[in-house]
Every structure is written in C-alpha cells, then in structure tokens.
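A quick write-up on the structure given underneath.
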Amino acid sequence: MKIVFATHNQHKLREVQSLLPLTIELLSLTDIGCTEEILETATTLEGNAKIKANYITNTYGYACFADDTGLEVAVLDGEPGVYSARYAGDHADAEANMSKLLLNLVGKSDRSAQFKTVVVLNLNGRQHVFEGVCKGEILSTRQGTQGFGYDPIFKPHGFDTSFAQMSMEEKGRISHRGKAIALLVEFLKDSAASVKP
Ligand code: IMP
C-alpha cells in the first residue's frame, strides 16, 4: 500500500516510515512530483491538514495524510495557534516568533500552554482525524539549542527542561507530534493487517 505524507521534509518522512510495516510505503510530495504550493488558508489546524490531504487525494488520486501543528497559549486565548509559523509576520523566523510571544507574556503569571498536532488521513474513500497534545508552560527565557520553532521556550509538564534541551528521541516520546503519529501508525498497521495479499 502506497500512502503520501503531504510534506517535503525527508526527515519527517523517514521518521514515520521507520515506524510502519514494510507493506506500507510512504511517498513525499517530492516523490509524486507535487511542486505547487498548497496554501494553508483555514482558521483551524484540522482545516489546514484537510486542505493538504484533500488536495493530494483529489489531484493525484493517492491515499494521503497531512499534519498541522500549533502552540496554544491559554492567557492569549489560544494564540498563536494555527498562526504559529507566522506569528511575528509572514516571513518571520523562529527567533522573531519567540520574541513576540515572550513580549506578549511579560507580566502574566499564567504561562500555561500546549502544543497540538492534528493529522488527517484519507484512506479508501474515508477521512480519519488523529490528535496529539503536549501540555506545558512558556519559560521566560530561551533554554537549550536543540529542536526548532518554539522549543527553547516550551517546558513540557513533568520535566525540568525545555524541548530544546531534550534529545529528539526523548521529545518524540512525549511530544504532540509523536502522540498524533503514534495513533496514525496504530491505525495504519491495523488497516494493513486487514488487507488481504
Ligand atoms: P507545522 O505545522 O509542523 O509546520 O508547524 C507550524 C509551526 O508550529 C512551526 O513553524 C513552528 O513554529 C511551530 N512548531 C510545530 N511543531 C513544533 C515543535 O515540536 N516545537 C516547536 N515549535 C513547533
């Protein structure tokens, strides 16, 4: 069974492929020759994941899954949320996004936040949604150099370090994306097992 993971990121693709049985072959957007930009115009994570998965299934005819992630800060009514990648502007980098968030939290005592990943899968004419959440808090200064995005200022519950001070494996075990992908993998394994050779 071939399934497209709607990403150009080979690292993400290999990571998920390594968790799947050999009967499931993942293809990236590059593998299927999809070079057009898929605009993420929805106002929810699920909406954006659906846009990407549906575009691939409708245009290329493949079974496909897509993910979208956001950081939701309670005292900011869930911001930056679906706009996490471009919080400080359309071409903002991680540094600018973190600086804006830290500034918006100056003087706030409630620093609770969560990362959420939504994965949408189109398979055999049906759509399935998987969600992973990692709760924690926003630190007041950057800590650590690993990872990406908001990792240096996010400390998950039950840990003394930021995401950026963890190894990729440690983060993957507790992270929003790790949890959502684990649910997807279990579902795909069951689906692959029920397909007769
Ligand atoms: P994407 O949907 O995976 O592209 O994530 C959207 C944005 O959320 C990224 O550009 C990052 O700013 C942020 N983000 C997503 N996942 C993580 C994470 O695991 N750590 C830190 N930031 C993340």
* Taking all protein chains together and a probe of 1.4 Å, list T141, T35 from the most accessible to the least accessible. => T35, T141
* To do: Just the number, please: carbon plus sulfur as a percent of the accessible area of region 49-106, 1.4 Å probe, no ligands or DNA/RNA counted.
  => 51
* Asked: Largest first, how would S194, S167 line up by accessible area (1.4 Å probe)?
  -> S194, S167
* Provide the net charge surrounding R142, with neighbours chosen by a C-beta distance below 13 Å and charges set as Lys +1, Arg +1, Asp -1, Glu -1. => -1
* Net charge contributed by nearby residues that have their C-beta within less than 13 Å of V120 (K/R +1, D/E -1) -> -2
* Taking the simple approach of a point 7 Å from Cα along Cα-to-Cβ for both S140 and N9, what is their distance in nm? -> 3.1
* To do: Can you tell me the order of 125-134, 44-53, 63-72 when each peptide is scored by its average per-residue count of other Cβ atoms within 10 angstrom, highest first?
  => 63-72, 44-53, 125-134
* Asked: Could you sort F154, F159 by accessible area so the largest value comes first, with the probe set to 1.4 Å?
  -> F159, F154
* Any idea of the accessible area per residue across region 69-197, 1.4 Å probe, to the nearest Å²? -> 53
* Structure fact -> Between S194 and E131, the FRET efficiency computed from the C-beta separation at R0 = 25 Å comes out, to the nearest 0.05, as 0.60
* For K155, list the lysines whose Cα falls under 26 Å from its own Cα; do not include residues on the same chain fewer than 8 positions away. => K12, K100, K108, K116, K135, K171, K179
* Computed Kirkwood radius, in angstrom, where 1/r is averaged over Cα pairs of region 24-140 -> 15.7
* To do: Mind giving me the FRET efficiency for T59 and E95? R0 is 30 Å, r the Cβ-Cβ distance, nearest 0.05 is fine.
  => 0.30
* Asked: How many angstrom separate the Cα center of region 1-58 from the Cα center of region 166-182?
  -> 19
* log₁₀ of I(q)/I(0) at q = 0.09, 0.12 Å⁻¹ - the chain, Debye sum with one point per alpha carbon -> -0.35, -0.62
* Asked: Mind checking which of E95, E15, E79 has the largest fluctuation in a GNM of the chain, springs on alpha carbons under 10 Å?
  -> E15
* Structure fact -> Counting only DSSP beta bridges fully inside region 1-112, the antiparallel percentage to nearest 5 is 25
* Keeping all protein chains in position, work out how much accessible area V106 exposes to a 1.4 Å probe, and write it in Å² to the nearest 10. => 100
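The values are calculated or read from the model by the stated rules, or taken from the named source; none is laboratory data. Keep in mind that what you see is a predicted model, and the values were worked out from it rather than measured. With ideal geometry, Cβ positions are generated from the backbone for all residues, glycine too; neighbour counts draw on all protein chains shown. Keep in mind that these areas ignore ligands, DNA and RNA; they rest on the heavy atoms of the full protein, side chains included. Shrake-Rupley method; radii C 1.70, N 1.55, O 1.52, S 1.80 Å.
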